[in-house]
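A short worksheet on the structure shown next.
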Amino acid sequence: MRVNVFPTADELAAGAAGAIANAIKESPGARVSVGLAGGSTPRATYEHLRWEPVPWDGVDLWLSDERWVPHDHEDSNGLMAATALVDHVGARFVRPRWSEYLTAMDSAAFYEAELRRFIPGGRSDIVLLGMGADGHTASLFPDTRALDEHRRWFVHNEVPQLDTWRLTATPPMINRARTVLVLTAGESKADVLATALEGPDGSVPIQLLRHAVGEVVWMVDEAAASSLSSITVERV
Ligand code: 6PG
C-alpha cells in the first residue's frame, strides 16, 4: 500500500490520470477492465484522463458503484463518467440497467452477470474508488448489509443514512483487483483519512482495503493528508 500526496486537488487530478493511464498500459491481458469511481472527486481526473495516450479500444469500463436513478439523472455516476471521460474515448462502457419496472436487486444481478462476461474470475485489472466523510467507499456505507457480502461480485445495498438504494461492488470484488487507486481530496476528508490509514481495523468501511490482494495506491492532496501523523507518504 502506498500513499501519494499531491500539493493541490488539480495536481492530484492530473497525477491520478497519469497513474491510471500507466496502469492500463501495464495491464497484462488482451483487454483491460477498469472499475470507475463515482462521486465528485474523480470528475477532474477523468477530464485529464481523456487526453492521456491510452489504447482505449482494448479497455472495458464498468462502475464500482451507482446510485439507483435513471441514466440521465444528475446524480448518476454513469452520467458523470460518460460526460467527463467515456463520451471522449473509444473504450467500451458497461453500466447497470435502470428502469421503473426493475428493482435494484434485479439490476445488480443483471450487472453482475454482465461483469462475469469480461472480468475473468472477478479480478478487475483496476478499480478506482473514492472515500466519503464517513469512511464509506463505493456504496459500502457503515452498518449496511453489503459490507458483509463475501460471495457476490456486485449487489444492491439499502443505505438508511441516505434513505436510498445503491448498487455496489462488494468487498471481495474490490479486494481481488490487481490495482486499486483511491482518490481523495479536501480538508473535509482529513480526519477520516487519518482514521482509515492510521486507525484501528474496523473503524471505517474503506479499511476493507487492508485485505486487498493487489496493489493499493492512495492518491490524495495535501489538504486531505493534513491529519496524517504516522504513516509514511510519498510527496509527488
Ligand atoms: C458515490 C461514490 C462514493 C464516493 C464518495 C466520495 O456514488 O457517491 O462512489 O463512494 O466515492 O462518496 O465522494 P466525493 O468524491 O464526492 O467526496
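Tell me, please, whether a residue that is more than 25 Å from Trp56 (Cβ to Cβ) and modelled with pLDDT of 95 or more can be found in region 74-93.
yes
So which residues in region 21-69 are within 15 Å of the ligand (Cβ to nearest atom), farther than 18 Å from Tyr111 by Cα and within 15 Å of the chain's Cα centre (by Cα)?
Gly39, Ser40, Thr41, Pro42, Arg43, Ala44, Thr45, Tyr46, listed by residue number.
Looking only at region 87-113, which residues are away from the ligand (no atom under 16 Å from the Cβ) and in a helix (DSSP H, G or I)?
Asp87, His88, Met105, Asp106, Ala109, Phe110, Glu112, Ala113
Of (1) in a strand (DSSP E or B); (2) touching a Ser or Thr at 6+ places or on another chain (Cβ under 7 Å), Val180 satisfies all except one. Which?
The number of the failed condition is (2).
Six or more apart or on different chains, Cβ under 6 Å: which pairs go from a residue in region 114-127 that's touching a residue at least 60 places away in the same chain (Cβ under 8 Å) and outside any loop (DSSP other than H, G, I, E, B) to one that's buried (at least 22 other Cβ atoms within 10 Å of the Cβ) and hydrophobic (A, V, I, L, M, F, W, C)? Could you list them?
Qualifying pairs under 6 Å: Ile126/Val34; Val127/Ile174; Val127/Ala177; Val127/Val180.
Condition first: of a type in the set (Gly, Ala, Ser), more than 10 Å from the ligand (Cβ to nearest atom) and in contact with a Ser or Thr (Cβ under 6 Å, 6 or more places away or on another chain). Now tell me which residues in region 122-161 satisfy that.
Ser124, Ala146
Kindly list the number of the only condition in (1) touching a residue at least 12 places away in the same chain (Cβ under 8 Å); (2) within 26 Å of Asp221 (Cα to Cα); (3) in contact with a strand residue (DSSP E or B) (Cβ under 8 Å, 6 or more places away or on another chain) that fails for Asp75.
Going through (1) touching a residue at least 12 places away in the same chain (Cβ under 8 Å); (2) within 26 Å of Asp221 (Cα to Cα); (3) in contact with a strand residue (DSSP E or B) (Cβ under 8 Å, 6 or more places away or on another chain) one by one, Asp75 breaks only (1).
So which of Thr168, Thr184, Thr164, Thr179 is hydroxyl-bearing (Ser, Thr, Tyr), away from the ligand (no atom under 12 Å from the Cβ) and either farther than 24 Å from Ala14 by Cβ or touching a residue at least 60 places away in the same chain (Cβ under 8 Å) (or both)?
Thr179
Count, please, the residues in region 154-177 that happen to be in a helix (DSSP H, G or I) and touching a strand residue (DSSP E or B) at 6+ places or on another chain (Cβ under 8 Å).
Number satisfying all stated conditions: 3.
Quick one: Ile119 ticks every box in (1) surrounded by fewer than 21 Cβ atoms within 10 Å (Cβ to Cβ); (2) more than 15 Å from the ligand (Cβ to nearest atom); (3) among the hydrophobic types (A, V, I, L, M, F, W, C) bar one, so which box is it?
That leaves (1) as the condition not met.
Take the conditions farther than 18 Å from Gly214 by Cβ, part of a helix (DSSP H, G or I) and within 17 Å of the chain's Cα centre (by Cα) and apply them to Ala17. Does it pass?
Yes; evaluated as a whole, the condition is true for this residue.
Please find, among Arg43, Arg67, Arg2, Arg50, the residue that is touching a residue at least 12 places away in the same chain (Cβ under 8 Å) and under 20 Å from Arg178 (Cα atoms).
Exactly one residue qualifies, and that residue is Arg2.
Which one of the conditions (1) part of a helix (DSSP H, G or I); (2) buried (at least 23 other Cβ atoms within 10 Å of the Cβ); (3) not β-branched (Val, Ile, Thr) does Asp57 fail to meet, given that it meets all the rest?
Condition not satisfied by Asp57: (2).
The values are calculated or read from the model by the stated rules, or taken from the named source; none is laboratory data. This one's a predicted model, so the numbers in the text were calculated from it and none came from an experiment. Don't worry about glycine lacking a Cβ; one is built from the backbone with ideal geometry, like all the others, and counts go over all protein chains shown.
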